[in-house]
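Notes for the one structure printed next.
Only the coordinates and a few stated rules stand behind these numbers; no lab work does. Remember, it's a predicted structure, so these values are computed and weren't measured experimentally. When we count neighbours, we look across all protein chains shown, and the Cβ atoms used for this are built from the backbone with ideal geometry, even at glycine.
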Protein chains: 2
Amino acid sequence: MRKEYDELLSLFKEASIVEEIDMLLYWDRDVTMPKKGWKQRAEQVAFISQLAHEKKINPKIKELLVSIVEHPDYEKLSEQEKRNVYLIKRKYEKMVKVPPDFVGEFSKQGVIANKAWEEAREKSDFSIFQPELEKMVEFNKKFAHYLNPEIDPYDVLIDYSEPSMTQEKFEKLVNPLKEAVVTLIKECLASATQPDMSILKRKVPIDIQKKLNLDLLKVLDYDLERSRLDETVHPFTTGSYDDVRITTRYYKENFLSAFMSTMHEAGHGDYELHVGKLGSYQPVGQWCSDGVHEACSRFYENILGRSEAFWKYYFFKFKELTGEIFADVSLEDLILAVNKVEPSAIRTEADELTYDLHIIMRFEFERDLLNEKIKVKDLPELWNKKMKELLGYEVKNDAEGVLQDVHWSEGLMGYFPTYTLGNIFGAQILMQLQKEIPNWESEIEHGNLKKILDWFRENVHEKGNMKDSFELVQDITGKEVTSDYLIEYLKVKYSKLYNLS
Amino acid sequence: MRKEYDELLSLFKEASIVEEIDMLLYWDRDVTMPKKGWKQRAEQVAFISQLAHEKKINPKIKELLVSIVEHPDYEKLSEQEKRNVYLIKRKYEKMVKVPPDFVGEFSKQGVIANKAWEEAREKSDFSIFQPELEKMVEFNKKFAHYLNPEIDPYDVLIDYSEPSMTQEKFEKLVNPLKEAVVTLIKECLASATQPDMSILKRKVPIDIQKKLNLDLLKVLDYDLERSRLDETVHPFTTGSYDDVRITTRYYKENFLSAFMSTMHEAGHGDYELHVGKLGSYQPVGQWCSDGVHEACSRFYENILGRSEAFWKYYFFKFKELTGEIFADVSLEDLILAVNKVEPSAIRTEADELTYDLHIIMRFEFERDLLNEKIKVKDLPELWNKKMKELLGYEVKNDAEGVLQDVHWSEGLMGYFPTYTLGNIFGAQILMQLQKEIPNWESEIEHGNLKKILDWFRENVHEKGNMKDSFELVQDITGKEVTSDYLIEYLKVKYSKLYNLS
């Protein structure tokens, strides 16, 4: 049976290699590809994604799985090996239902829709994107139908990003969070303590920002011999193991945007750089779920990056690198500005409190699109209405409204909930970190960030995919997953910052 | 039969797409890949090159070929269609003899050997590269043996780069050239007229050089919406159609190096940008041979780029972009410096006269390695001896000796002769250009470079692969291929520049 197991793993490795190539094609498209190369790229992506799919549903995999699972020696496999077998089986059984040419077409349409989205966003004109988005919704419906025609299509897509998640489960976690957050936002906005937002609008030349962001990666002990930082319209992370790539975007009059995006993506990147601890090219040596990925990125970005402790430590370096620009700014004012509470248009720029409301509305739109309760063509109007309702924000145009996110253009639906799930996981993991390293904040203040990062790497990253996400978080923290910790974390943090009673 | 033909072409397209992906993997390795990503890249390259090979020898191709060629309607195919069928058949019959796993292993070893070469070159220590090069020679021998075990293995490799070329044919072209060039070099070196070489050693900051090289591409009417210019250790061109990428390398105290490399690679790049005129993803819409590719690059670099006419036109812009650096330099002195004759170490930096001697020695080494007349371990010594003998140059270390070129590390043997072949083709094509546009030099002087480039594109690039290289050049020029035109061109040019009697 050893032979069959090894053969199964080598088939898995081959599929992973094809996926790595696929990731490079996407990275290159967004970072380095000549402008007019996109039609050729669409063909390449269609080919390679279809191939990746074929590798995953290779009939040989089924044969091997049967002969392994039914073998009398099966029980002699280690826990890790059994998990590998289980994960390959789960993926196989899911993906075998999806025809390869459908996967190729879906990917190709993704490149075309992404191109249209870029143009639409630039011109702030949803009508350019609308027909392509309509196709992408149809592709998603079809995809969900292939995977499981018997349940709510949106549940199928959520489960694809986050194994065993459902709308119901998500709503149960998110409803109390929504309520708490809405109240907290009101209190913060009503407080006499308010950040000096003009700090964030000071001009910081791009070359200084680039130095700042590279320095940040060093501070985060982020391995630049196995990674790189580039610039894209929409920040993202891709790659695995020894070749992981992150991107950010720079605005002259909003330095915090690049800084926080870099920290967010470095969280994703660091996960990929360490997730292979149990063995690269094995299912257990890959990311657990999109929710856990977002737990890593949101933990780096918010729990570390927006903490008092981090800025107490980094303040001096920050001032050194930015020269005269913030010479008159006090540490307290900077911390409050970094933690501004402000209903605003753009999700990726949103503060920790309003952020989850951006997710909740996307969750609702996706759910309703998939279930044909709303139409693509009505999205801009619905979007603006919902922004007003939930956040009290008046959307000025499509670019800062319905066109802001890249995800739908690439066919990604059911992913958005994982951001909030990541916040929930992260806060619960913080609770455990606080137990094990009670002086964690003072460690950071004194520059021992690596101690905290190493704890996180050991307890989260390096666990790979030995458990499903909810079980993983329960294992780390000894508690069932709940949004209570996130609510508590936000209450304590913002009450202190805004002097709430 | 139309159905079979279309299916054949669609299989060809698929293979071409896989090759495009392969090219991106190499480009990324040299330009953007994180330092430690190379092991993963070796796996990816092994996989994709093996796949590309499998696509080329798909048994379905043979079936289709048979049913097309034997079909009563075969004669109704257009010339272009027949040529497509012929080229697919020729490639298939060649490649079907090579086992796919051999191709994968060969490519993988190429990435490993390239890594060793980089390190060896950096440390100027051949011993680091030696064991890997030994493997690469063995791979080449095996490759030649698979293709045709019955003839001289080096002839097999030459034919792979340049269909229907042989050592004998090459020697016949090259012997009179060698003789003429050796005499000319002596005469130039003995002349009272000598360039002021210090001009070329003036410091030009890299950022100014970058602007200069981008400007050069504009002057060359080079389409940067379908291409890009990057920086690598060894300049190269890759890609096709709407995504073609060229690289150069900058030295602070040798601006001419980057400038001429950019022009050389732009010649390659421009060929790829226009070669698809007859139809992309068809054999006839791809490069004809490596020799024709080098004819394009060497034509742009030398015949245009080192011409009096070009510098008469570009002198003003050049001075404008470089500011004070060359303020005191006259046009005549610059032209003479650009056309310096100087036996020197590095092939890619060599002048037009000494260049072919660098090629001839590589040709002889490859021939003798493949035929086991010399050993890899003796190469450094043999190299230095030959450099002394042929060029009178004393090699200082391995980095500027046997380690200078990237080709062998990537498994490319039999390619070098195509550079000189390119020079021969280029000079012969110039003869025709002079006939058709007698005032070509004055056109360039007056800034109508595009007129000359368009002639070249129409007569060379856009002909694609309708004919084999020797026939193509004969068609363009009405004469059999000979090195007489190159000899004449060099004699006229250098006699004038160096006031030879």
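Go through region A:415-424 residue by residue and turn each phi into a ³J(HN,Hα) via Karplus (6.51, -1.76, 1.60, θ = phi - 60°); whole Hz please, and just put x for glycine and proline.
8, 3, x, 5, 5, 5, 4, x, 4, 5
Can you tell which of A:His268, A:Phe126, A:Ser307 lies farthest toward the positive end of the dipole of chain A, using +1 and -1 charges on the Cβ of basic and acidic side chains (Lys, Arg; Asp, Glu)?
A:Phe126
Counting other beta carbons within 10 Å of each residue's own, what order do A:Leu229, B:Leu486 fall into, fewest first?
Lowest to highest Cβ neighbour count: A:Leu229, B:Leu486.
Among A:Phe316, A:Phe416, which comes first, then next, by fewest other beta-carbon atoms within 10 Å?
Taking fewest neighbouring Cβ atoms as first place, the list is A:Phe316, A:Phe416.
How much length would be gained if the chain were fully extended between B:Glu332 and B:Lys450, taking 0.36 nm per residue of separation minus their Cα-Cα distance, in nm to one decimal?
On the way: separation 118, 0.36 × 118 = 42.48 nm, distance 2.41 nm.
Using 0.36 nm per residue and subtracting the Cα-Cα distance, I get 40.1 nm.
Which ³J(HN,Hα) values, rounded to whole Hz and listed in residue order, are derived for region B:131-142 from phi using the Karplus coefficients 6.51, -1.76 and 1.60 in 6.51 cos²θ - 1.76 cosθ + 1.60 with θ = phi - 60°, glycine and proline given as x?
x, 6, 5, 4, 4, 5, 5, 4, 4, 5, 4, 4
So the label point sits 7 Å from Cα along the Cα-to-Cβ vector; using that for B:Ser78, what distances do you get to the other copies, in nanometres, sorted shortest first?
Counterpart label points of B:Ser78 in the remaining copies fall at 6.2 nm.
On a C-alpha basis, how far is the centre of region A:386-403 from the centre of region A:87-138 in Å? Whole number, if you could?
What the calculation gives is 24 Å, centre to centre.
What residues have an amide H closer than 5 Å to that of B:Asp230, excluding those fewer than 5 places away on the same chain, when H is modeled at 1.01 Å from N in the peptide plane?
Under 5 Å from the amide H of B:Asp230: B:Ile246, B:Thr247, B:Thr248.
State, in angstrom, two size descriptors of chain B derived from its alpha carbons: Rg to one decimal place and Dmax to the nearest whole number.
22.6, 73
Using modelled backbone amide H atoms (1.01 Å from N, in-plane), which distant-in-sequence or interchain residues come within less than 5 Å of B:Ser240's amide H?
Distant-sequence amide H within range of B:Ser240: zero hits.
Please compare each pair in B:Lys317/B:Lys451; A:Lys186/A:Lys211; A:Lys55/B:Lys123 to a cut-off of 30 Å on the Cα-Cα distance and tell me which ones are over it.
A:Lys186/A:Lys211; A:Lys55/B:Lys123
Net charge within 12 Å of A:Glu294 by Cβ-Cβ distance, Lys/Arg positive one each and Asp/Glu negative one each, not counting A:Glu294 itself?
Details: positive: A:Arg298; negative: A:Glu162, A:Glu265, A:Asp290, A:Glu301, A:Asp356.
My count for the surroundings of A:Glu294 gives -4.
What is the dipole size for the protein assembly as shown, taken about its Cα centre, with +1 at each Lys and Arg Cβ and -1 at each Asp and Glu Cβ, in debye to the nearest 20? Display every interim value, and only then the final one.
Details: 138 positive and 178 negative charges, 51 e Å.
Dipole size: approximately 240 debye.
For region B:2-150, what is the Kirkwood hydrodynamic radius in Å, using each pair of distinct C-alpha atoms?
Working: mean 1/r = 0.0576 Å⁻¹.
Hydrodynamic radius (Kirkwood, Cα pairs) of region B:2-150 is 17.4 Å.
Output, in nm with one decimal and in ascending order, the distances from the A:Glu394 label point to the matching label points of the other copies (7 Å from Cα along Cα-to-Cβ).
Sorted ascending, the copy-to-copy spacings read 8.2 nm.
Sort B:Val103, A:Val66 so the one with the fewest other Cβ atoms within 10 Å of its own Cβ comes first. Walk me through the numbers on the way to the answer.
Values: B:Val103 23, A:Val66 12.
Least to most surrounded, the residues fall as A:Val66, B:Val103.
Loop-only check: which GluC sites (Glu not before Pro) in region B:345-444 are DSSP coil with at most 14 other Cβ within 10 angstrom?
The qualifying sites are B:Glu372, B:Glu394.
Do the sum for chain A: with -39,500 (n - 2.57) for every DSSP H run of n ≥ 4, divided by all residues, what is the mean residue ellipticity at 222 nm, to the nearest 500 deg cm²/dmol?
Mean residue ellipticity at 222 nm (helix-derived): -20500 deg cm²/dmol.
I need the phi-derived Karplus couplings for region B:471-483: 6.51 cos²θ - 1.76 cosθ + 1.60, θ = phi - 60°, integer Hz, Gly and Pro marked x.
5, 4, 5, 5, 5, 5, 9, x, 10, 4, 5, 8, 8
In Å, the Kirkwood hydrodynamic radius of the protein assembly as shown over pairs of distinct alpha carbons?
Evaluated on the protein assembly as shown, it is 31.6 Å.
In whole angstrom, note down how far apart the Cα centers of region B:198-219 and region A:141-195 are.
If we compute the Cα centre of each part, the gap is 55 Å.
Under a point-charge model restricted to the Cβ atoms of Lys and Arg (+1) and Asp and Glu (-1), what is the dipole moment magnitude of chain A relative to its Cα centre, in debye to the nearest 20?
Charge dipole, chain A, about its Cα centre: 460 debye, nearest 20.
Within 10 Å of each Cβ in B:241-247, how many Cβ atoms from other chains are there, averaged over the peptide? All intermediate terms of the calculation are to be shown ahead of the outcome.
Working: counts 4, 9, 11, 2, 4, 0, 0.
The mean count of partner-chain Cβ atoms within 10 Å per residue comes to 4.
I'd like to know which of A:Ala116, A:Pro99, A:Met136 lies farthest towards the positive end of the charge dipole of region A:2-150, counting +1 on Cβ of Lys and Arg and -1 on Cβ of Asp and Glu.
The Cα lying farthest towards the positive end belongs to A:Ala116.
At A:Phe316, label 7 Å along Cα→Cβ: distances to the other copies, nm, ascending?
5.8
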